[in-house]
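The values are calculated or read from the model by the stated rules, or taken from the named source; none is laboratory data. Bear in mind the structure is a predicted one, so any value in this text is a computation, not a measurement. Backbone-built Cβ (ideal geometry, glycine too); neighbour counts: all protein chains shown.
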Amino acid sequence: MIDFTHLDARTLAKTLDFSILPKQTTEAEVREGCAVTRRYGFAAFYTSSAYWAPLVRDELAGIDDVEIGTGIAFPFGSAPASVKAFEVEDAVRRGCTAVDMVMNIGALKSGDHKAVAEELRLFKVAAGQAVTKCILEVCYLSHDQIATAGKLVAEAGVEYVKTSSGQFEGPSLEQFLVMREAVRGTPVRLKVAGVKFPRPQNAMVFLLAGADRIGTRAAPEIVDALDTLRNIGLVPN
């Protein structure tokens, strides 16, 4: 849990997974994203594809506390479990140290919990030592389905449960709280993505509610807003 009374820019940055995800992202933009990550010290830097992982690894060489991340089966999550596992293995082989896999929410909503459990098992095996984060896309799920998904993630030993891909509707605070309660008492950590405008204020609310990570393209904006958020009382003194 974050100690907000002693929150500084560096500590805040370590709650943020910085991402640049557009399909048209260029090499120059990836290099610039790496430079921004170095400057702020974010928890992770995510690109749209493991294709960029070797470049990111080289650009962030010498920094041991920044995850190199990408999305798997992004953003729909409907690929077969074996295909997802292959993507994960390939991403790790290319240098990714964190992988965010989208859950097959169609299977979940159809009640095929066995299939979901199996894809999560394969995900964990394929990732090896990489950090695993499972995306639920909560905007398409009922509260009961969010709770079930969270429990399946915990049973599989996946490190993080994540609200959203950021490509569709973002999570509500209520949906996040349901997800939080589903994994209470387990080692699973909580990641929020898809936070909408105004991003600094909304991100801070999720952190206050117990999020461990925020995945966002607006990570620099959130860190730069810290003093303003403290001055208006949103961040405790």
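Quick look at the numbers
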| read-out | value |
| --- | --- |
| Where F74 falls short, out of the listed (1) at pLDDT 95 or above; (2) buried (at least 17 other Cβ atoms within 10 Å of the Cβ) | (1) |
| Among (1) within 16 Å of the chain's Cα centre (by Cα); (2) within 21 Å of A149 (Cβ to Cβ) - the single one V66 does not satisfy | (2) |
| Complete set of residues in segment 29-38 that are farther than 14 Å from K14 by Cβ and either modelled with pLDDT under 95 or not hydrophobic (A, V, I, L, M, F, W, C) (or both) | E29, R31, E32, G33 |
| Residue list for segment 77-94, restricted to those being small (G, A, S) and surrounded by 18 or more Cβ atoms within 10 Å (Cβ to Cβ) | G77, A79, A81, A85, A91 |
| Any hit, segment 175-197, residues being out of contact with any Leu (no Cβ under 9 Å at 6 or more places or on another chain), modelled with pLDDT under 95 and either surrounded by fewer than 18 Cβ atoms within 10 Å (Cβ to Cβ) or assigned to a helix (DSSP H, G or I) (or both) | yes |
| Test result for A154, of a type in the set (G, A, S), in a helix (DSSP H, G or I), touching a residue at least 24 places away in the same chain (Cβ under 8 Å) and surrounded by fewer than 20 Cβ atoms within 10 Å (Cβ to Cβ) | yes |
| Number of the condition not met by P236 [criteria: (1) surrounded by 15 or more Cβ atoms within 10 Å (Cβ to Cβ); (2) touching a Ser or Thr at 6+ places or on another chain (Cβ under 8 Å)] | (1) |
| Checking C139 against (1) under 18 Å from the mean Cα position of the chain (by Cα); (2) closer than 15 Å to V88 by Cα; (3) not in a strand (DSSP E or B); (4) not aromatic (F, W, Y), the condition it does not meet | (2) |
| Filter result for A126 (in contact (Cβ under 8 Å) with a residue 12 or more places away in the chain, more than 19 Å from V158 (Cβ to Cβ) and assigned to a helix (DSSP H, G or I)) | no |
| Residues of segment 1-25 classified as within 16 Å of R217 (Cα to Cα), assigned to a loop (DSSP other than H, G, I, E, B) and of a type outside the set (S, T, N, Q), total | 4 |
| Pick from segment 157-168, criterion surrounded by fewer than 21 Cβ atoms within 10 Å (Cβ to Cβ) and under 13 Å from I135 (Cα atoms), ranking: modelled with the highest pLDDT | E159 |
| Output for segment 198-212, where each listed residue is in contact with a Leu (Cβ under 7 Å, 6 or more places away or on another chain) and either farther than 16 Å from D17 by Cα or touching a residue at least 40 places away in the same chain (Cβ under 8 Å) (or both) | Q201, V205, A209, G210, A211, D212 |
| Every residue from segment 214-232 that is surrounded by 23 or more Cβ atoms within 10 Å (Cβ to Cβ) and under 26 Å from A149 (Cα atoms) | I214, G215, T216 |
| Scope segment 130-166; condition of a type in the set (S, T, N, Q), within 19 Å of D17 (Cβ to Cβ) and touching a helix residue (DSSP H, G or I) at 6+ places or on another chain (Cβ under 8 Å); matching residues | T132, T163, S164 |
| Residues (in contact with a helix residue (DSSP H, G or I) (Cβ under 8 Å, 6 or more places away or on another chain), part of a loop (DSSP other than H, G, I, E, B) and surrounded by fewer than 16 Cβ atoms within 10 Å (Cβ to Cβ)) located in segment 26-66 | I63 |
